[in-house]
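Engineer: Dropping a structure here in structure tokens format, bear with me for questions.
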Amino acid sequence: NIVLISDAIDSSKDNLSTMLLRLRRRTMLADLLRRDRNIYLSTARFMVNRIPRHEFPNVQGIPLSDSHWEAAVQDGDAVVLGDCDLPKVQYKESFVDKALLKRFRSLVEKEIGYRSPKGGIGGLLEEGRFYKLTPEGQVNGSVNQHRYVKNVLHGMLPPALPVLFRIFMSGLIPSVEMGDPEWLVNYTQQLFSVIPDHWSIKDQLKPGQQLGPWFYTHFLTSVFAPKFMGFLLGPCRVSLRKDGQLGGMVVEKCKFLQ
């Protein structure tokens with residue numbers, strides 16, 4: 001059916017009909033993804049040169065082209081790819097992107113104690129390389145890098161947002177150990193005190209316990225991340241996850257990695 005619909009799209013000369021056929025094809029692909037991912041991937045790879053990449057509901061495991069896919073070689077247990085042969089992308093930065101990148105870099109520079117003379121994303125990369133070569137970046141590197149990235153991302157958010165994010169996205173009960181204000185911890189526990197002690201959920205509502213992530217977390221993250229992380233990632237779009245559910249995101253070609 002997907003092949004027949006694709007044939008109809010190729011031969012259609014009416015814009016409305018073409019739009020409806022494309023919507024129908026995407027819906028069928030999404031249903032197939034939810035039912036059987038392996039069959040979805042086989043279908044997608046067969047149709048990769050006929051369906052535009054942005055029309056696939058999920059692109060994980062789908063090659064950019066037949067030649068790109070065949071370039072992968074097996075080396076023992078690993079699949080090895082050559083250097084990226086995609087053309088360089090010229091990213092257009094909005095005013096918001098420039099402002100966020102400037103703020104991000106100022107926090108990175110504060111953490112590592114170094115400022116690159118280069119501007120833009122190039123300067124950020126140089127600062128990252130500088131940190132990797134410092135004793136702190138090399139000794140116990142992954143732990144130190146995690147801490148410094150966490151501090152930088154925390155600094156990008158308004159003061160109250162990390163607390164609200166933990167509660168409404170991660171489902172974490174406020175606690176002093178996580179840095180939440182004591183008044184919020186006390187107020188939250190007062191609210192939970194009305195729950196009868198014999199209810200089993202009462203044990204899960206102690207400070208620091210995690211109830212989430214909530215059902216909407218992945219979807220909201222995929223909606224807001226492209227807006228506020230584009231200065232690092234480049235153009236992004238919402239997609240389905242590999243299980244066919246909401247909450248996926250596609251980075252067309254990572255600005256930071258390029």
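The values are calculated or read from the model by the stated rules, or taken from the named source; none is laboratory data. The shown structure was predicted, so the numbers you read here are calculated from the model rather than taken from an experiment. With ideal geometry, Cβ positions are generated from the backbone for all residues, glycine too; neighbour counts draw on all protein chains shown. Areas reflect the complete protein model, heavy atoms only, side chains present, ligands, DNA and RNA absent. Shrake-Rupley method; radii C 1.70, N 1.55, O 1.52, S 1.80 Å.
Engineer: For the pair SER94 and ALA160, what calculated FRET efficiency results from E = 1/(1 + (r/R0)^6), where r is the Cβ-Cβ distance and R0 = 22 Å, to the nearest 0.05?
Structural biologist: 0.30
Engineer: Within a Cβ distance under 14 Å of HIS154, other residues only, what is the Lys/Arg minus Asp/Glu net charge?
Structural biologist: +3
Engineer: Using mean Cβ contacts within 10 Å as the protection proxy, how do 100-107, 114-121, 230-237 order, highest first?
Structural biologist: Highest to lowest by the protection proxy: 230-237, 100-107, 114-121.
Engineer: Around GLU111, with a cut-off of 15 angstrom between Cβ atoms, what is the net charge of the other residues, counting Lys and Arg +1 and Asp and Glu -1?
Structural biologist: Once all neighbours under 15 Å are counted, the net charge is +4.
Engineer: Continuing with this model, one more query. How large, in percent, is the carbon and sulfur part of the accessible surface of the chain at a probe radius of 1.4 Å?
Structural biologist: After summing per-atom areas, the C and S share lands at 61 percent.
Engineer: In addition: What whole-number value in Å² describes the accessible area per residue of segment 113-258 for a 1.4 Å probe?
Structural biologist: 64
Engineer: Something else about it: Residues with beta-carbon under 11 Å from that of ILE5, excluding ILE5: net charge, scoring Lys, Arg +1 and Asp, Glu -1?
Structural biologist: +3
Engineer: Moving to a separate point now. Please give the FRET efficiency for THR134 paired with LYS206, using the beta carbon to beta carbon distance and R0 = 41 Å, rounded to the nearest 0.05.
Structural biologist: According to the calculation, E is roughly 0.55.
Engineer: Another question, then. Which one, (i) 7, 32, 40, 19, 1; (ii) 6, 19, 25, 25, 17, 8, 1; (iii) 6, 27, 33, 24, 8, 1, 0, gives P(r) over Cα pairs in 10 Å bins from 0, in percent as derived from the coordinates shown?
Structural biologist: Here the calculated entry is (ii).
Engineer: Looking at the square roots a ≥ b ≥ c of the eigenvalues of the Cα gyration tensor of segment 158-254, which shape do they give, rounded for a/c under 1.5, prolate if a/b is larger than b/c, or oblate?
Structural biologist: oblate
Engineer: Round to the nearest 0.05 the FRET efficiency obtained for ALA78 and PHE168 when R0 = 45 Å and r is the Cβ-Cβ distance.
Structural biologist: The computed FRET efficiency comes out at 0.65.
Engineer: Report the extension gain between ARG115 and ASN151 in nm, rounded to one decimal, defined as 0.36 nm multiplied by the number of residues separating them, less their alpha carbon distance.
Structural biologist: 11.2 nm
Engineer: Let me ask you something else. Please label the shape of segment 88-129 as rounded, prolate or oblate, based on the square roots a ≥ b ≥ c of the eigenvalues of the alpha-carbon gyration tensor (a/c under 1.5 means rounded; beyond that, a/b larger than b/c means prolate, else oblate).
Structural biologist: Oblate is the answer for segment 88-129, as a/c is 1.5 or above yet b/c matches or exceeds a/b.
Engineer: Working out 0.36 nm times the residue gap between ASP36 and SER106, then minus their Cα-Cα distance, what length gain in nm do you get to one decimal?
Structural biologist: 20.6 nm
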